[in-house]
Amino acid sequence: MKSLLSVIDRLSRFIGKITSYIMFLVVAIVSYEVSMRYLFHRPTLWASEAMIFCCGFVYVLGAAWTLLENRHVKIDIVWEKLSPRGRRLLNVITFIFFLLYMVLMLREGSRFALDSFELRETSGSPWDPPVYPLKVAFVVGIVMLILQGTSKFIRDLYFVIKGKEL
């Protein structure tokens, strides 16, 4: 069991770290656009949309790594008052809501991604890039988030039952 959880963790960390380098591209795109717009008075058609797409990839493919590193938003005023076992118990209880939501997102996201891929959907803007790669990445990100969430659930449940880390 430990080895399977370790594989999920390594995969989440690897995809998250690789994806995080896209932010360098975002900085370059924004810098280029600002320079072109304000220094040369020649704004681009593509920069804003490219930045949004790149950030989208980072958000959806980095979510599992964020969960692995325990960096998702919590209500700290409640969280900080709980014991380590209480925190893990709260995670175990709320996992069912997480899983239901993620399965729904996966089902609907897969449908949207498949339709978009079949149509070779584009943004419809003057630049008109394809949007289906981002929709497919969304589905991949959801799968990764479900895997990482399940890994976390197993570890938390083990801690609640045994009182020690798995």
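The values are calculated or read from the model by the stated rules, or taken from the named source; none is laboratory data. Just so it is clear, the structure is predicted and the values come from calculations on it, not from any experiment. For neighbour counting, all protein chains shown are included, and Cβ atoms are generated from backbone atoms with ideal geometry for every residue, glycine included.
Okay, residues lined up against (1) within 19 Å of the chain's Cα centre (by Cα); (2) of a type in the set (A, V, I, L, M):
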position	(1), (2)
G16	yes, no
Y38	no, no
T44	no, no
F57	yes, no
V60	yes, yes
E69	yes, no
I75	no, yes
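Counting only residues that are surrounded by 14 or more Cβ atoms within 10 Å (Cβ to Cβ) and modelled with pLDDT of 95 or more, give me the helices (runs of 4 or more DSSP H) lying completely in segment 1-86 with at least 3 of them.
Working: elements: 2-20, 22-34, 47-68, 76-79.
Per the criteria, 2-20, 22-34, 47-68.
Quick check on my filter: what residues within segment 151-166 are assigned to a helix (DSSP H, G or I) and touching a helix residue (DSSP H, G or I) at 6+ places or on another chain (Cβ under 8 Å)? Hits for segment 151-166 are S151, K152, F153, I154, R155, D156, L157, F159, V160.
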